[in-house]
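A.B. asks: Please see the structure below; I have some questions.
No value in this document is a laboratory result; all are computed from the given coordinates. Predicted model only: the values in this text are computed from it and were never measured. Please note: Cβ atoms are built from the backbone with ideal geometry, for glycine as well, and neighbour counts cover all protein chains shown.
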Amino acid sequence: MNIAIIAHDNKKADIVAFVLKRIDFFKRDDVKILSTGTTGKHMKHAGIENVECLKSGPMGGDAQIASRLVEGEIDAVLFFIDPLFSHPHEVDIHMLMRLCNVYDVPLATNYSTAKYLIKGFKYENLKK
């Protein structure tokens, strides 16, 4: 399972805390994390090692994740968005969110939704 993890600057601490709280899930052998550059660096600094860092969002990282999503290589996207700040790469953000809808890929844009998404993945794994 490939999970893309992205966070705006004011949400990076939140997404790192989210992953650390669920580290048993994210460190499983069948889970791979892909992340935009700065978010991935924050996760690696927190001790989360199984992260593939792409470019930062403004430098094309969102587009790289979208490309992999289109190729069927992304199973879910956790994108903690800061709705109170405008972003210079807003077009890329909307493109990624649109493609999640086009390709029916689960997308969580905040902590609460991501929590339920990961619970769902854990539940599905228990049924297997």
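A.B. asks: Farthest toward the dipole's positive end in the chain, which of LEU96, THR38, PHE121, given Cβ charges of +1 (Lys, Arg) and -1 (Asp, Glu) about the Cα centre?
C.D. replies: Farthest along the dipole direction, towards plus: PHE121.
A.B. asks: What is the Cα radius of gyration of region 36-128 over 2.2 N^0.38 Å, N being its residue count? All intermediate terms of the calculation are to be shown ahead of the outcome.
C.D. replies: Details: Rg = 13.8 Å, N = 93, 2.2 N^0.38 = 12.3 Å.
Taking N as the residue count of region 36-128, the ratio is 1.12.
A.B. asks: Once every DSSP H run of n ≥ 4 in the chain is given -39500 (n - 2.57) and the sum is divided by its residues, what mean residue ellipticity at 222 nm do you get, rounded to the nearest 500 deg cm²/dmol?
C.D. replies: Values: 6 runs with 63 residues, N = 128.
Value at 222 nm, helices only: -14500 deg cm²/dmol.
A.B. asks: Picking from PHE80, PHE26, PHE18, which is most flexible by a Gaussian network model of the chain using Cα springs under 10 Å?
C.D. replies: Of PHE80, PHE26, PHE18, the most mobile in the Gaussian network model is PHE18.
A.B. asks: Extension gain LYS44-SER112, at 0.36 nm per residue separation less the Cα-Cα distance, in nm? Walk me through the numbers on the way to the answer.
C.D. replies: Details: separation 68, 0.36 × 68 = 24.48 nm, distance 2.29 nm.
Contour length minus Cα-Cα distance gives 22.2 nm.
A.B. asks: OK, next. For region 61-80 and region 87-121, what is the separation of their Cα centres, given in Å?
C.D. replies: 9
A.B. asks: Something else now. Are there any GluC sites (Glu not before Pro) in region 60-125 that are in a DSSP loop and have at most 13 other Cβ atoms within 10 Å? List them by number. Could you put the intermediate results ahead of the total?
C.D. replies: Numbers: sites: GLU71, GLU73, GLU90, GLU124; in loops: GLU71, GLU73.
When the GluC sites (Glu not before Pro) of region 60-125 are filtered for loop state and at most 13 Cβ neighbours within 10 Å, GLU71, GLU73 remain.
A.B. asks: With +1 assigned to the C-beta of every Lys and Arg and -1 to the C-beta of every Asp and Glu, and no other charges, what is the dipole magnitude of the chain about the Cα centre in debye, to the nearest 20?
C.D. replies: Values: 17 positive and 16 negative charges, 99 e Å.
Here the chain has a charge dipole of around 480 debye.
A.B. asks: Restricting to Cα pairs below 8 Å that are 6+ residues apart, what does the relative contact order work out to for the chain? Please round to a whole percent. Before the final figure, lay out the partial values.
C.D. replies: Numbers: 182 pairs, mean separation 34.9, N = 128.
Contact order relative to length: 27 percent.
A.B. asks: Could you check which residue among ASP92, ASP30, ASP14 shows the biggest mean-square fluctuation in a GNM of the chain with a 10 Å Cα cutoff?
C.D. replies: Of ASP92, ASP30, ASP14, the Gaussian network model singles out ASP30 as fluctuating most.
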